[in-house]
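Written below as structure tokens is the structure these notes are about.
The values are calculated or read from the model by the stated rules, or taken from the named source; none is laboratory data. Keep in mind that what you see is a predicted model, and the values were worked out from it rather than measured. Backbone-built Cβ (ideal geometry, glycine too); neighbour counts: all protein chains shown.
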Amino acid sequence: MPGPDFLDTNVLVYAYDASSPAKQRIAQGLVRRALAGEIVISTQVLAEFAATLLHKISPAASRADVSAILDALAPIKLMPPDADTVRRAVEAHAQYGVHFYDGMILAAAERSACRRILSEDLGAGQSYFGIVVENPFL
């Protein structure tokens, strides 16, 4: 049986950002799959998502709204970071030349035995540690 997919931060943000209705529709479908247990995220993805809602989108979401959204997302399988994840992120940085925090995404996806990383940022078709990146918006 193939492993789950891994959802990158940008896809999660699109689910709550109405500025692009087509992307929002796709992202919301992926969030539904994540809530059903088919997609994994990491603690880092959740933190980046919250920070984006609070500080980077306009208008910024309120603390109460972000807390409510995080509560709604609580059933999603979450890969917490540990020392091995950080070490593997350093290896990803060295091997693939990715930013350290992108390496954390790659390491979390690998540790979760994911088959794909769904991301708009990591280069569709690229393979990292045997995990293929797919841009769900193409």
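What to note about this one:
- Within the stretch 1-85, helices (runs of 4 or more DSSP H) holding 2 or more residues that are of a type in the set (Val, Ile, Thr), crowded, with 16+ Cβ neighbours inside 10 Å and in contact with a helix residue (DSSP H, G or I) (Cβ under 6 Å, 6 or more places away or on another chain): 9-16, 43-55
- Restricting attention to the stretch 116-134 and to residues that are among the charged types (D, E, K, R) and assigned to a loop (DSSP other than H, G, I, E, B), the residue that is modelled with the highest pLDDT turns out to be Glu120.
- Qualifying residues in the stretch 86-118 (those that are over 21 Å from Ala15 (Cβ atoms) and in contact with a His (Cβ under 9 Å, 6 or more places away or on another chain)) - the one surrounded by the most Cβ atoms within 10 Å (Cβ to Cβ): Gly103
- Scanning the stretch 63-106 for residues that are within 16 Å of Asp121 (Cβ to Cβ) and among the hydrophobic types (A, V, I, L, M, F, W, C) gives Ala89, Ala92, Val98, Phe100, Met104, Ile105, Leu106.
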